[in-house]
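Here is the structure we will look at, set down as structure tokens.
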Amino acid sequence: EADIYQTPRYLVIGTGKKITLECSQTMGHDKMYWYQQDPGMELHLIHYSYGVNSTEKGDLSSESTVSRIRTEHFPLTLESARPSHTSQYLCASSPPQGLQGSTEQFFGPGTRLTVL
Amino acid sequence: QKEVEQNSGPLSVPEGAIASLNCTYSDRGSQSFFWYRQYSGKSPELIMSIYSNGDKEDGRFTAQLNKASQYVSLLIRDSQPSDSATYLCAVRSGGYQKVTFGIGTKLQVIP
């Protein structure tokens, strides 16, 4: 079982507030990811990191920012939340590439964000 | 054209039957292929990975890869109601660490 944690699990917040979604993993994985997923819809990659001090934007444009100061920690921040940010946010991590180039991702439980 | 394409379903099969889920991808350089299962309201969990042409079996699950035709499939034998979920196909393109997910196929196993 993967050890990847997200807090909070649920968050309801007003428009204009600054929020940080936490993601931590204890597996020593070098790669970490943030996805956004609306109910019944596909996963959209919004940020990823290959290691400490490495962050990249994903395929879906997002107003959020991320940081990777420690291997195990990959927080996502929204400076000013809006109703359009209402969604499920999933954090994932994957280990160093294996012999076959495997990059299985292990997902956290997710944070369901509602912005009023 | 989407990088990874799946029929969103729902695919309905009776209990005990074989469920066949299909996925096509656009990048011929893709090297790693994954099937994830996602129950409603839950996170995706990896059930199969496959890297070379042919079949890979794990219990009731068989993943099939055909790189020439650019498709990957998942067979679930003796389908159970507990298999009812959305199955996501994911593909890693050569040279990149990030993985692209399909929209997922919703499977319903009818008791």
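The values are calculated or read from the model by the stated rules, or taken from the named source; none is laboratory data. Values in this document were obtained by computation on a predicted structure and should not be read as measured data. Cβ: placed from backbone, ideal geometry, glycine included. Neighbour counts: every protein chain shown.
Taking region B:2-19, which residues are in a strand (DSSP E or B) and exposed (fewer than 14 other Cβ atoms within 10 Å of the Cβ)? Don't jump to the end; show me each part of the working.
Looking only at region B:2-19, we keep the residues that are in a strand (DSSP E or B), and these are B:4-5, B:11-14, B:19.
Of everything in region B:2-19, those that are in a strand (DSSP E or B) and exposed (fewer than 14 other Cβ atoms within 10 Å of the Cβ) turn out to be B:Ser12, B:Pro14.
Annotation note: Cβ proximity below 8 Å between a residue of region A:1-30 that is free of Cβ contacts under 8 Å to residues at least 60 places away in the same chain and acidic (Asp, Glu) and a residue that is surrounded by fewer than 18 Cβ atoms within 10 Å (Cβ to Cβ) and part of a strand (DSSP E or B) (sequence gap 6+ or interchain) occurs for A:Glu22/A:Tyr5; A:Glu22/A:Thr7; A:Glu22/A:His73. Within region B:52-61, track down each residue that is surrounded by 12 or more Cβ atoms within 10 Å (Cβ to Cβ) and without any contact (Cβ under 8 Å) to a residue 12 or more places away in the chain. If the condition is that a residue be surrounded by 12 or more Cβ atoms within 10 Å (Cβ to Cβ) and without any contact (Cβ under 8 Å) to a residue 12 or more places away in the chain, then B:Lys56, B:Glu57 are the ones that fit.
Would you kindly identify the strands (runs of 3 or more DSSP E) lying entirely within region A:13-106 that contain at least 1 residues that are in contact with a helix residue (DSSP H, G or I) (Cβ under 7 Å, 6 or more places away or on another chain) and over 24 Å from B:Ser49 (Cβ atoms)? Spell out the reasoning first.
Working: elements: A:19-25, A:31-37, A:44-51, A:54-57, A:76-78, A:87-94.
Filter on region A:13-106 gives A:76-78.
Selection of region B:7-51 for residues being in contact with a Leu (Cβ under 7 Å, 6 or more places away or on another chain), within 19 Å of A:Gly108 (Cα to Cα) and either without any contact (Cβ under 8 Å) to a residue 24 or more places away in the chain or away from every other protein chain (no Cβ under 14 Å) (or both) yields only B:Ser43. Scanning region B:62-111 for residues that are in a strand (DSSP E or B), buried (at least 22 other Cβ atoms within 10 Å of the Cβ), within 10 Å of chain A (Cβ to nearest Cβ) and under 13 Å from the mean Cα position of the chain (by Cα) yields B:Thr86, B:Leu88, B:Ala90, B:Phe101.
Set side by side, the residues A:His44, A:His85, A:His29 differ, and just one is farther than 22 Å from B:Arg37 by Cα and more than 10 Å from the chain's Cα centre (by Cα), which is A:His85.
If you filter region A:26-41 down to residues that are more than 17 Å from A:Leu113 (Cα to Cα) and within 11 Å of chain B (Cβ to nearest Cβ), you find that the one that is surrounded by the most Cβ atoms within 10 Å (Cβ to Cβ) is A:Met32.
Can you pull out the residues in region A:12-26 that are small (Gly, Ala, Ser) and under 12 Å from the mean Cα position of the chain (by Cα)? Spell out the reasoning first.
As a first pass, look at region A:12-26 and keep what is small (Gly, Ala, Ser): A:14, A:16, A:24.
Within region A:12-26, just A:Ser24 meets the criteria.
Checking each residue in region B:76-110 for being at pLDDT below 95 and either among the β-branched types (Val, Ile, Thr) or touching a helix residue (DSSP H, G or I) at 6+ places or on another chain (Cβ under 9 Å) (or both) picks out B:Val91, B:Val99, B:Thr100, B:Ile103. Starting from region A:64-77, take each residue that is basic (Lys, Arg) and list its partners that are surrounded by fewer than 16 Cβ atoms within 10 Å (Cβ to Cβ), counting only C-beta distances under 9 angstrom and pairs at least six apart or across chains. Partner pairs satisfying both residue conditions: A:Arg68/A:Tyr50; A:Arg68/A:Gly51; A:Arg68/A:Val52; A:Arg68/A:Asn53; A:Arg68/A:Ser54; A:Arg70/A:Val52.
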